[in-house]
1. Just to be sure before I move on: is VAL35 β-branched (Val, Ile, Thr), modelled with pLDDT of 85 or more and under 30 Å from ARG115 (Cβ atoms) in the structure I sent?
2. When region 42-59 is examined, which residues are found to be in a helix (DSSP H, G or I) and without any contact (Cβ under 8 Å) to a residue 24 or more places away in the chain?
3. For region 27-46, which positions are over 23 Å from the mean Cα position of the chain (by Cα) and of a type in the set (Val, Ile, Thr)?
4. If you take the residues of region 7-26 that are within 30 Å of the chain's Cα centre (by Cα) and of a type in the set (Val, Ile, Thr), which of them is farthest from ALA96 (Cα to Cα)?
5. Can you give me the number of residues within region 1-41 that are β-branched (Val, Ile, Thr), part of a helix (DSSP H, G or I) and open to solvent by 50 Å² or more (accessible area, probe 1.4 Å)?
6. Please name all residue pairs, on different chains or six or more residues apart, with Cβ atoms under 9 Å, provided the first residue is in region 11-22 and is small (Gly, Ala, Ser) and the second residue is in a loop (DSSP other than H, G, I, E, B).
7. Return the total of residues in region 79-117 being open to solvent by 60 Å² or more (accessible area, probe 1.4 Å), farther than 22 Å from ILE29 by Cβ and either of a type in the set (D, E, K, R) or modelled with pLDDT of 75 or more (or both).
Amino acid sequence: AALDTAVLYAFGVPLPLLWGLLAFLTNYIPNIGFVIGLAPPAVLGLLDGGLGTMIWIIVAYSLINFVLQSLVQPKFLGDAVGLSFTMVSIALIAWAWVLGPLGAILAIPLSTLARALLLDLDPSKRWLNGLLSSAVEKPEVMRPHPTEQTTRESEGTRESEPPPGEKPERGPPDES
């Protein structure tokens, strides 16, 4: 909405703050909200500056809307809920196809619920998180605790000797 307001200021459309507020509020309405928010400034652009101004306002609004809602918003939303950009886009398309406009609104919550129920509860399916998640999980590396390492060094144990409390490996049995 702030970018839309800046465009309206640049083209000299009357009351740009009002139309920016309208754009902000109507962008929450799926599918038609963008058109509702665009119509009054475009008509004012036509009346105040002519056909060229109206076309430039429509192009600027459309470009801003496309970039923010199709490229930027899914990335930040995906990072917030732990889904990759690709999964957010696929979820939006899939849930909108299944449930229509309501599915587009509920795509992220439904996908997060499905992930929690199908993947997060079953440890054997954790490998799928690499496909769905935007964050890369690093595997845990087993390292000795720092105090354990210093006690081994202070006791003067060699690498061939087992740590205290462990049984030594046995070689082949003696035949004596």
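The values are calculated or read from the model by the stated rules, or taken from the named source; none is laboratory data. Keep in mind it's a predicted model, so treat the numbers as computed, not measured. All Cβ positions, even for glycine, are placed from backbone atoms using ideal geometry, and neighbour counts span all protein chains on display. In case anyone asks, the SASA skips ligands and DNA or RNA and just uses the protein heavy atoms, side chains included. Shrake-Rupley method; radii C 1.70, N 1.55, O 1.52, S 1.80 Å.
1. Taking the combined requirement at face value, the residue does not satisfy it.
2. Of region 42-59, the ones in a helix (DSSP H, G or I) are 42-49, 51-59.
Scanning region 42-59 gives ALA42, VAL43, LEU46, LEU47, LEU51, GLY52, MET54, ILE55, ILE58, VAL59.
3. ILE32, VAL35, ILE36, VAL43
4. VAL7
5. So the answer is 2.
6. Going by the 9 Å Cβ cut-off, the qualifying pairs are GLY20/ALA1.
7. Here the count works out to 5.
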